[in-house]
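Below: one structure, written as structure tokens.
Rule-based calculations on the coordinates, nothing more; no lab input. All figures in this text were calculated on a predicted structure; none of them were measured in a lab. Neighbour counts are summed over all protein chains in view; Cβ atoms, including those assigned to glycine, are modelled from backbone coordinates with ideal geometry.
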Amino acid sequence: MPSLSTPLVTNAEQLLELGQPFVEFPRFSFIDLQNEQDLEGSPVPFSQWLQQRLQAGQPFALSDFDKLDEWPPGDPSNGDEPNFGIERLIALSTKKNIPIRNCTTGRDLSFTLRKFADSARQSFPEFHNLYARDLPCPKEWLERCQKLLPTELQWGGRLDLFQWLPPCARSEVMMAYVGSKGSSSGFHRCFSSTVALNFLVEADGQWYDFWIRAQLTQTQITQWSV
């Protein structure tokens, strides 16, 4: 683990400069993977590629889903965002107050998603480090994900371990999260303890994902990835 004497780190680049145990996530284009071939020139199915990556036991990111024909349309030139944008989420979500987690204090605030989004856009300091948590993912988004994502990456798909549980014990909804500048979703351990899938649909160009894996019997080999 990092020592208490480690200088204050404020961004991902500074973490990577520290070297091990901080490493960068490998990133793969989903477009390129559709043309993946083995040594003999035969196509490599995505399911086979994914199984090999999962067996390696290291986190990774898949990109370029927004370049697929199935991605919902939008025209950034006139401010029109795709149907995965924050405005669409606001339209499809409750208009009541929702819990807003303060990542610094760990405490919850309460106001509407509209107020949170509008205030975060104006960069009010008091709205930094906040995220709207545990929002039910709209049905419209679930249907789009079913058309957009491979079955292995879908909620309730072949790799979703919850499908093997009795119906009464399975997760009932897929969640949506909205964060402001400096926010994070708090460290947690996945119920499956094996595979965690997060689908990032909108960002301001300066986002980072921090992943920590600690072997239960040897916490000194904890790995930090960015």
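Distance from the Cα centroid of segment 108-182 to that of segment 45-67 is 21 Å (rounded to whole angstrom). Close amide H pairs (under 5 Å, H built 1.01 Å from N) link V23 with W224, S225, V226, residues at least 5 positions away or on another chain.
Extension gain, A169-T94: 0.36 nm per intervening residue step, less the Cα-Cα distance, totals 24.4 nm.
The residues neighbouring D32, those whose beta-carbon lies less than 12 Å from its own, together hold a net charge of 0 under the Lys/Arg +1, Asp/Glu -1 convention. Using R0 = 41 Å, the C-beta based FRET efficiency linking L161 and Q122 works out to 0.50. With a simple spin-label model that places each label point 7 Å from the Cα along the Cα-to-Cβ direction, the separation between Q14 and Q37 comes to 4.6 nm.
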